[in-house]
Each structure stands twice: as structure tokens, then as C-alpha cells.
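Remarks on the structure that follows.
The values are calculated or read from the model by the stated rules, or taken from the named source; none is laboratory data. Just so it is clear, the model here is predicted, and its values are computed rather than measured. Heads up, the Cβs are rebuilt from the backbone with ideal geometry, glycines too, and the neighbour counts pull from every protein chain shown.
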Amino acid sequence: MYLLRTMNFHKLLWRVASFLFVASCAFALQQNRTGPAEALPPLPSNPNDYIRQVLQHELDAQKNDHTHWRYRFHKEDEKGSQDRDVIDAKEGQIARTLLINGQPLNAEQRANDDARMKKLVEDPGERAKRAKREKDDEDKLMMMFKAIPDAFNFKYDGEENGQVRLAFSPNPHYDAPTRELQVFKSLAGKMWTDRAAGRMARMEGTLFEDVTFGWGLLGRLNKGGTFTVVQNNVGQGHWDVVSLDVAMTGHAVVFKSINVKQKQRVTDFQRVSDSLTIAQAYKLLVNPESAVSAVSTPNAIQPPK
């Protein structure tokens, strides 16, 4: 999935923060209820046991979902905004840029974007390099995802609209084994799970204190940084990230400032063939008969409900 789309997680601190956000994103919002809440089994008395069940369900669902999809991806950050038409193919993801800062690409930008796509299609080495980067990131994300039940103490915080709301705070006895996992020691927030689906529906977190790396020499994420992630059932039982909001500040390598304000919205999901190759996906993206309009889609930038 675009993930964790995502999340091209850049430099050291931004990668650390992004890993956290994406790892926390492996969830879904069930839109079709399977039955009344009273027919469901009671929640475990220990909230952390319940979270373990939900997270295991998430991992199993991701492992068994081999479908491929086409969607529109909208991203806003301090550099501006981009809209892309994205297709997940057998050999990986390929995307055609539709808009830059809300405007269609000029001739030079279109030529550069086409050249980028062609290189990905025609160069196995380029695809292999990207696949390795994605695999390395995925391994780290899974490590952080699996650490959540141990790194936090959860408390039931009520129910709303068929969802269980839980508050979480750091487990003071958790010994973070890696630099990335140190972020969890300074993070608190809330999580919503869908009772009927057994899925996580939303997660919101705030850094309640500064997070330093290498005694502050490698970098710092400042107190007050926030993130919100939402994922939906986008069709045919497939769950995907539809919304990410990040607001983080800090510095890296002593003096370099970091100001991460980012929105991501994913819309217009359409299932494609599970056997679709990246070459076939490229043809779909550039074919005038199947190409997505470069008109800005209002739904792509609406905040999550």
C-alpha cells in the first residue's frame, strides 16, 4: 500500500517520525456493520490484550490481501502540493503526476515526468533499488507496529458510533531497543477501533515532550508535534490509508531546522487486475482513453470526518 505512501520518508528525523506515523496506520474503518454491538463478545478486561488482538488481525489482513488498486493521491507540504494518478502493479507502484500546486504540468515538467516513469518501466535495476528501499522501510515499520502493545499502556475511554475509543500513554517499563522506537517514550494520544470489524479505525498522537537523538546532537523533535491517520474500507474488503496529517518541528545534525507539515489524501479507488505488470500500468496511465483528468478533485483535500 502507499504507505505507510507514503510515506517517501526522507532524512533521519523525518524518517523516524514518518515510520511512527505509518506504522501506526495499519488500520481500517469498517463502513458496513456486521451486526449489533450487543451481539459481539465482551471486550477483554485488559485493554492491552484487546490491542494485541486488533493488531494481529491487521497483520493477518495485510498478509492475505493481494489485490491491486488505482487511486488518486494528493499531498501538501511546505514545498507545495502534488496530485498523482497511482497504480499498484505486480512489480511495484507507478504514478503519473497530474497537478503541481494545483496547476497542470507545463511541457518541460510533463517531459520530465514521462521520462521518470519510462525509466522505472524499462530499467530493472531502478525497480530493484526502489524495492530494496521499500523492503528496508517496511521491516522497520513492522518492528514499530509490533512494539505498540508493549510500548504503551492502553485504557478504555468509551464507545462512539460502534467504535471503541482507547487512550494510550508510554509504558514506563518499556526499554526501547532502537532509535526509532525511542519516539514512543514521548508519545500519547487516542486510538479508535471498530468493534464489528476488529480493526483500528483512527489514531491521533501528540509528543508531550521533546524527543532527542544522540543526546540532541543527531537531532530533536519538538514537544507539541502531532499526527492523525485514518484508513477506510475502500471497496471489496480492501483497507487502505485515506488520510494523514502531520505537524512536526525540530532539527537534525545539530543546526538544520525541520518543519514538517504535511497532508495526504487518497481517493477514487478502482481495483485493477492482480496480474497487471508495471508496463501495462504505464500504458493505462498515459493512454488518453483511460487517463485520469488533471482537474483538481475537491474530495482529495477534505479533512477526515
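Which one of Gln93, Gln103, Gln163, Gln109 is closer than 20 Å to Val286 by Cβ and at pLDDT below 95?
Sole residue among the options that is closer than 20 Å to Val286 by Cβ and at pLDDT below 95: Gln93.
Yes/no per residue for (1) aromatic (Phe, Trp, Tyr); (2) surrounded by 12 or more Cβ atoms within 10 Å (Cβ to Cβ); (3) in contact with a helix residue (DSSP H, G or I) (Cβ under 8 Å, 6 or more places away or on another chain):
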position: Leu120; (1), (2), (3): no, yes, yes
position: Gly125; (1), (2), (3): no, no, no
position: Lys132; (1), (2), (3): no, no, no
position: Asp136; (1), (2), (3): no, no, no
position: Asp150; (1), (2), (3): no, yes, no
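Counting just the residues of the range 195-212 that are more than 23 Å from Val54 (Cβ to Cβ) and in a strand (DSSP E or B), which one comes out nearest to the chain's Cα centre (by Cα)?
Leu207
Considering only the range 90-116, state which residues are closer than 14 Å to Gly80 by Cα and out of contact with any strand residue (DSSP E or B) (no Cβ under 9 Å at 6 or more places or on another chain).
Gln103
Looking only at the range 141-169, filter to residues that are part of a helix (DSSP H, G or I) and small (Gly, Ala, Ser); which one of those is farthest from Ala197 (Cα to Cα)?
Ala151
Is it the case that Trp192 is under 17 Å from the mean Cα position of the chain (by Cα), assigned to a strand (DSSP E or B) and modelled with pLDDT under 85?
No; evaluated as a whole, the condition is false for this residue.
Anything in the range 33-78 that is small (Gly, Ala, Ser), at pLDDT below 90 and loosely packed, with under 13 Cβ neighbours inside 10 Å? List them, or say none.
Within the range 33-78, Gly35, Ala37, Ala39 qualify.
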